[in-house]
């Protein structure tokens with residue numbers, strides 16, 4: 001299976017290209033990525049090992065122009081966020097595409113809440129990618145002033161998760 005860094009590179013390349021769909025299959029599984037509303041969405045599907053078909057990447061090249069026109073749709077979200085004036089210095093962003101979890105398990109307390117102090121090595125959430133649970137560290141010192149995503153929400157590479165006021 002591909003490493004996280006290789007997946008990040010694929011996402012970046014797909015995002016910058018005119019390709020709208022990409023599928024990579026191996027004996028270990030299948031990764032499919034497609035652009036929806038100008039953003040890359042990733043789906044990973046494990047497959048049983050079969051000797052019938054060789055592993056080979058499949059790339060479908062379709063024009064992305066119509067999808068690029070729908071890209072301004074996220075702009076209202078940004079305008080809404082700017083209307084709620086929040087004093088912050090930096091944002092903690094998702095290092096990968098995956099599912100955001102605010103606690104280690106549904107029964108446990110959340111990692112951080114608005115008003116909590118964090119250090120560089122403080123775990124603030126988990127992003128699950130391809131059944132791997134990756135602890136995300138703050139990488140900054142300060143106070144959490146806003147949580148931008150909900151528990152269980154799909155997040156994109158580079159998407160802001162938290163806003164932090166540095167101390």
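Before moving on, here are some points about what is shown:
- Taken over the range 95-136, the criterion of being part of a strand (DSSP E or B) and crowded, with 18+ Cβ neighbours inside 10 Å is satisfied by 98, 100, 101, 118, 124, 125, 126, 127, 129, 136.
- Residue in the range 142-159 that is at negative phi and in contact with a helix residue (DSSP H, G or I) (Cβ under 6 Å, 6 or more places away or on another chain) present: yes
We did not get these values from a lab; they are worked out from the coordinates using the rules stated. Bear in mind that the values here come from a model prediction, so they are computed numbers and not experimental data. Neighbour counts are summed over all protein chains in view; Cβ atoms, including those assigned to glycine, are modelled from backbone coordinates with ideal geometry.
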